[in-house]
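The values are calculated or read from the model by the stated rules, or taken from the named source; none is laboratory data. Fair warning: this is a prediction, and the values are worked out from it, not measured in the lab. Note: ideal-geometry Cβ built from the backbone for every residue, glycine included; neighbour counts use all protein chains shown. SASA here: full protein model, heavy atoms, side chains in, ligands and nucleic acids out. Shrake-Rupley method; radii C 1.70, N 1.55, O 1.52, S 1.80 Å.
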Amino acid sequence: MFTGLIQSLGTIHLQAEDKLRISCSGRATDPILQDLAMGDSVAVDGVCLTVEEILPVGFVADASPETLRRTTLGGRTEEDVWVNLETAVRVGTKLGGHFVTGHVDGIGCLQTVELAGNSWEMSFTAPESIARYIVPKGSIAVNGISLTVADCNSAGTWFKVAVIPHTFAQTNLSHLKIGSWVNLEGDILGKYIEKLLLSRSNAVFAHQDEITPAFLTEHGYL
């Protein structure tokens, strides 16, 4: 579990077919490496990876073919780009963002970047797999960054976020270009609510062949 508050930036390289080497340098190593242990979880651009080997200035993590295919990490290994890093949240630490699992729901695309006052307004497209979880003032993770949806269309396939200067400077949002692909994860609370509502709906109509006056009265039809 993560909070969506990025601790450091790093670069990523494909070390083997199913292994990624993540490197960071200078003071940026401290938040990530100071007590990193084998088997720990680290969110890399919003993707939860397990540490397999610790390096002097980074770590090696396993990545399944599905992970590389369904997220942007496969493409990141072929470019000299920055990735966001966050270690798993610990009990008792501040939860300044929102609950982020590191399980990417889909890939979005940066559409616009505009300076608004001292902040940045950035808009993205989103696939249908995550669009239904995008609501105004709701939470969303973009490349692992906890952000608030400032605006969106009714379908949720387009949304806008307002990014404060600190977040813009300390994450890879400042390195994105129009057309850049990003990992998106919807708010897990919305997913649980959706499942509960669907379960309740299915339970209500699971026995439609047993419609009786009592059933109709109970559900407001009589």
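Points to keep in mind about this one:
- Extension gain from Leu36 to Val135, taking 0.36 nm per residue of separation minus the Cα-Cα distance: 32.1 nm
- Candidate cross-link partners of Lys94 among the lysines, defined by an alpha-carbon separation under 20 Å and a same-chain spacing of 8 or more, are absent.
- The gain in end-to-end length when the Gln111 to Ala169 segment is fully stretched comes to 19.0 nm, 0.36 nm per residue minus the alpha carbon separation.
- Using a probe radius of 1.4 angstrom, the carbon and sulfur fraction of the accessible surface of the chain is 55%.
- Summed residue charge, Cβ within 13 Å of Glu52's Cβ, Lys/Arg positive, Asp/Glu negative: -2
- Exposed trypsin sites (Lys or Arg not before Pro) absent - longest run of the chain, DSSP non-H/G/I/E/B, at most 13 other C-beta within 10 Å: 1-89
- Compared with the dominant Cα axis of the chain, that is its longest principal axis, helix 188-205 is turned about 20°.
- Partner lysines whose Cα lies under 23 Å from the Cα of Lys195, excluding those fewer than 8 positions away in the same chain, are identified as Lys137.
- Counting only Cβ charges, +1 for Lys and Arg and -1 for Asp and Glu, the dipole size of the chain around its Cα centre is about 460 debye.
- Helical content alone sets the calculated 222 nm signal of the chain at -5500 deg cm²/dmol, taking -39,500 (n - 2.57) per DSSP H segment of four or more residues and averaging over every residue.
- Residue with peak Gaussian network fluctuation, the chain [Cα springs, cutoff 10 Å], from Ala88, Ala169, Ala63: Ala169
- Sparse packing (at most 13 other Cβ atoms within 10 Å of the Cβ) combined with a DSSP loop state is found for the following GluC sites (Glu not before Pro) in the stretch 63-104: Glu78, Glu79.
- The mean sequence separation of alpha-carbon pairs under 8 Å and at least six residues apart, normalised by the residue count of the stretch 1-138, gives a relative contact order of 29 percent.
- Each Lys and Arg adds +1 at its Cβ and each Asp and Glu adds -1 at its Cβ; summed about the Cα centre, the stretch 1-109 shows a dipole of about 320 debye.
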